[in-house]
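The structure appears right after this line, and notes come after that.
The values are calculated or read from the model by the stated rules, or taken from the named source; none is laboratory data. From a predicted model like this one, the values you see are computed outputs, not experimental measurements. All Cβ positions, glycine included, derive from the backbone under ideal geometry; neighbour counts span all protein chains shown. For the accessible areas, the whole protein counts, side chains as well, though only heavy atoms, and no ligand, DNA or RNA atoms are used. Shrake-Rupley method; radii C 1.70, N 1.55, O 1.52, S 1.80 Å.
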Amino acid sequence: YTIDREGKINLPELNLFLASGKTLEEVKKELIYLYEEYIFEPDINISIKRYRPVTIYISEEVKKPGLYTLDSSEENNPNENNPNDFPSLYKSLQIAEGFNNFANVSDIKIIRKNSINQGGGKIQTSINLMPLFNSGDQSKNLRLHDGDAIFVPKNKDIILDQILAANK
């Protein structure tokens, strides 16, 4: 079964089931619970056949702020074990054509919708990209999710070290 654009699945017995905003495990648990009314010990397997593009918002001290749609790997069938197959913070900054001269790349904010299982709402984190630029530390290159908002704050002074590292 395929999830439609509104995040719903049309399933036998259940009709429309809302999958949007839930993890795979949350969907599986809920479907097992709902199908127990119709099936004795339901055995449900869920997997992702194809990832859809994610839409993100980038603003403040980047050359081209705005709303962007990012695809997964070329085949649109990324490898879960290879973070380079998914839209990432670094890729999004490349699409926004890099930073302005006053960008503070050591304090980039990412705001994300929290899953329903983890309380819903929004969560925020700050990322320092300098280790990525200086030593290739990929742990700072976060995988992006649909609806993420990225804010590159402004420094009051041009930070030459950051600009040189980012331009490498």
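Select from the range 112-139 the residues that are surrounded by 15 or more Cβ atoms within 10 Å (Cβ to Cβ), in contact with a strand residue (DSSP E or B) (Cβ under 8 Å, 6 or more places away or on another chain) and under 30 Å from Gly7 (Cβ atoms) and list them in ascending order.
Across the range 112-139, the qualifying residues are Arg112, Lys113, Ile127.
Out of all the residues in the range 59-87, which are in contact with a Lys or Arg (Cβ under 8 Å, 6 or more places away or on another chain) and either of a type in the set (Val, Ile, Thr) or modelled with pLDDT of 90 or more (or both)?
Answer for the range 59-87, where residues must be in contact with a Lys or Arg (Cβ under 8 Å, 6 or more places away or on another chain) and either of a type in the set (Val, Ile, Thr) or modelled with pLDDT of 90 or more (or both): Glu60, Glu61.
On the basis of being at positive phi, open to solvent by less than 20 Å² (accessible area, probe 1.4 Å) and modelled with pLDDT under 90, does Gly7 make the cut?
So Gly7 passes the test.
With the condition kept exactly as written, say whether any residue in the range 16-36 is surrounded by 15 or more Cβ atoms within 10 Å (Cβ to Cβ), in contact with a Lys or Arg (Cβ under 8 Å, 6 or more places away or on another chain) and hydrophobic (A, V, I, L, M, F, W, C).
yes
Would you confirm, using the coordinates I've provided, whether Asn155 is within 30 Å of Ser47 (Cβ to Cβ), at pLDDT below 90 and open to solvent by 20 Å² or more (accessible area, probe 1.4 Å)?
The answer is no for Asn155.
Just to be sure I understand, how many residues within the range 92-106 are assigned to a loop (DSSP other than H, G, I, E, B) and open to solvent by 50 Å² or more (accessible area, probe 1.4 Å)?
Selection size over the range 92-106: 4.
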